[in-house]
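Okay, structure first, notes after.
No lab work stands behind these numbers, since they all come straight from the coordinates. Given the structure is predicted, the values throughout are model-derived calculations rather than measurements. Virtual Cβ from ideal backbone geometry, glycine too; neighbours counted across all protein chains shown.
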Amino acid sequence: MFLSIVCSAALSLAPLLGELPGIQAKSVSNPQVNTASKTMNTDDDFAKKAAEGGIAEVKFGQLAENKGDSQAVKDFGKLMVADHTKANELLQKEAAQEKVDLPAKMTNKDQMAYDSLSKLSGAAFDKAYARDMVRDHRADIAEFETESKSGHKDWTKTFATQTLPTLREHLKQAEEMFHAVELSKTHKS
């Protein structure tokens, strides 16, 4: 019965949990904007989304450190806090030099996902967090690869290129965490 309650809760939260913290492409579709302006906006949008995503990674990591049931989730959360704090500081520094204002908080969508995740506990929290971190890092890597190859501003291209190895390592560790959470769930059943 407990498992069916957890599954029902997870299914009811799935639409919110499916909206992951992180970076999503934002296109500039105003036909009156010239190509040079579109390029600048796209690179600036990447930086803004990266900042919002980085802030969310830190917040979600702190939540995992505090609410995680398994040591793998707690450890991964701690890693997210450390690595994304460092990346956020670098991005803020670079943006300030370029006179680009970056957001100081996560998006409303990320806040809703955070609020939903914070209501879970135990194995349900671990599974949702691990799953979300795998999805999130896959999406982040795609966005950062695109910026590193197609960006036009040197500072955003460089940030994306320098951050990619860390994101790839995070994905590898997130996948390991997800498998560990899944494995511990089957051993407890």
Next on the checklist: Need one number: nm distance between label points at residue 101 and residue 162, each 7 Å from Cα along Cα→Cβ, rounded to one decimal.
Outcome noted: 2.5
Item to check | segment 33-188 - Rg (one decimal) and Dmax (whole number), Cα, Å | outcome: 16.5, 59
Next on the checklist: Taking the Cα centre as origin and putting +1 on Lys and Arg beta-carbons and -1 on Asp and Glu beta-carbons, what dipole magnitude results for segment 33-188, to the nearest 20 debye?
Outcome noted: 300
Item to check | When each of 78/149; 78/105; 74/105; 67/93 is checked by Cα-Cα distance, pairs over 21 Å | outcome: 78/149; 74/105; 67/93
